[in-house]
Amino acid sequence: MERPIFKPIGSSIYEIDTPALVINLNTMNHNIKTLHSFFENQKCKVRPFVSTHMCPSIAHKQIAAGNTSGISVNSLSQANLFAEYGFGDIFITNKIVSSEKIKKLCSLAQKINLAISVDSLNNIKDLSEAAKFNKLTLDVAIDINNGLGYCGVAPGSPAVELAKTIQSAKNLRFIGLTNYENALFFKDREELIRKSHEHAQQILDTRERIERFGLKVQVVMIGATHNYDIVGKMSGVTEVPAGSYALMDSNYMKYKEDFLPAARILASVTSRPEPAIAILDSGQKSVNVDSGPPITDIMSNISVNALHAEHTILDLEGLSGQTLKLKDKVWLIPSDITLCASLNDYFRVEKNGKLEAMWDISARGRYK
C-alpha cells in the first residue's frame, strides 16, 4: 500500500510528492460531458466500464453526468466493491464459472440489480442450480464472439440455441446480448464506421432471430469509446460500455481525438548525468509499459528513451534553448491508463494548478 507524503488541499500541484498519478479535473469533466451529452437524444445509453479506472469517485461523476443505464465491471470482486460504494445496477462482463464465485455472485444479486454474461451450456446449468438454491433469479446475457478473437458464442444459430436454453432454465432470466470490441481501432473514420456496422450487425441480426422465437431481447450492449457515436445511433443497440473516455491515454488518443489525456504521471528530475539525458523518479513501478512507454507532455520536445523499475531516462536532444534542472517536473502520459492505474493507490486531483482532492483507486487488485 502506497504511503505518500501528503500535501494540504490547495497546495500547488508541483509541490506534491512524486511520482504521482494526477487527474486534471477540468479535462476529465470535459471528456465525460463530451461522451454523455451524445446520448442525451439517443434511445441508447452509456454503461460506463469503470474497470478502466477502478475509482468510485470517477464512477459517481459518470453516473451524475446522466444518460446512463448503470455501470459495467470486469470481475465479481470489483462488482462487490462498487456495490459497497452505492452502485446498484452493475453488469459483470467477465464469466463467473467457479462454484465459489457463483455463490458470491448469488449473494450480491440479492442486494443489487446484477447481470452477467455467459457463452456455454455448462455455465448456464451451474448458474441455474445456484440461483434456484438461493431462491433468486439471475439476469443473464449472451456474450457474442463476432470474430475479434475474444470469448463468446458464435452469432446466429449457436446464440439462438443458448438463448432458448437460458429461457427454459430455472431461476435464470434471459435479458439480451453483449460483445467485446477492443480490437476495432481504425484512424480512418470511414473504415471505423464500416467495421463497426459490420460487427454490430451480426449481433443485431442475432437479436432478430432470437425475437422470432418469442424471446424478448431487452439489452444489446456493444461498442466502446472508439465507436460510441457510431453504434450508439444504430437501431436496436441499447447500451455502450465505454470506459477509456474519462481519463484517456496516449494509445487511445491516436484513435479518438475528441477526448484529452486527463490522467498523467507527474515526475521529478533526479539526475542530469549527461547534457542530453535527464533521469526521472518515475519508472515501471508507477507507469506500466506493457502497452508501450509513456510519452511526455504534448507541448514538449522531450522523448522517453527508456524506463527502468524506478527511473525514466529522457532524451533531451529535441530541446532548443531549454534545459532541465534537478527538481524540475515533467508530465508523462501513460500508454494504457488501466495498467497505469493498477500500479497506484490514489489519483491526485488537480484543478487550476492546485491540489483539489485525493481519490482512492479502490478497486485496484480486485481482479477475481
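The values are calculated or read from the model by the stated rules, or taken from the named source; none is laboratory data. What you are looking at is a predicted structure, and each value in this text was computed from that prediction instead of being measured. Neighbour counts run over all protein chains shown; Cβ positions are idealised from the backbone, glycine included.
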Flag for SER286 being within 21 Å of THR52 (Cα to Cα) and in contact (Cβ under 8 Å) with a residue 40 or more places away in the chain: yes
Residue in region 277-284 that is more than 29 Å from the chain's Cα centre (by Cα), part of a loop (DSSP other than H, G, I, E, B) and crowded, with 17+ Cβ neighbours inside 10 Å present: no
Counted residues, region 84-104 - those being in a helix (DSSP H, G or I) and buried (at least 20 other Cβ atoms within 10 Å of the Cβ): 1
Residue selected from region 134-152 under the condition buried (at least 23 other Cβ atoms within 10 Å of the Cβ) and touching a helix residue (DSSP H, G or I) at 6+ places or on another chain (Cβ under 8 Å), by the criterion farthest from ILE90 (Cα to Cα): ILE144
Filter pass, LEU81 being in a helix (DSSP H, G or I), buried (at least 17 other Cβ atoms within 10 Å of the Cβ), in contact (Cβ under 8 Å) with a residue 24 or more places away in the chain and more than 14 Å from the chain's Cα centre (by Cα): yes
Odd one out for GLN167, checked against (1) within 24 Å of SER196 (Cβ to Cβ); (2) in contact with a Leu (Cβ under 9 Å, 6 or more places away or on another chain); (3) without any contact (Cβ under 8 Å) to a residue 60 or more places away in the chain: (1)
Within region 288-314, considering residues that are of a type in the set (A, V, I, L, M, F, W, C) and within 16 Å of SER271 (Cα to Cα), the one modelled with the lowest pLDDT: ILE302
Residue within region 47-67 that is small (Gly, Ala, Ser), under 22 Å from PRO334 (Cα atoms) and free of Cβ contacts under 8 Å to residues at least 40 places away in the same chain present: yes
Hey, ILE295 free of Cβ contacts under 8 Å to residues at least 40 places away in the same chain, at negative phi, touching a helix residue (DSSP H, G or I) at 6+ places or on another chain (Cβ under 7 Å) and of a type in the set (Val, Ile, Thr) or not: no
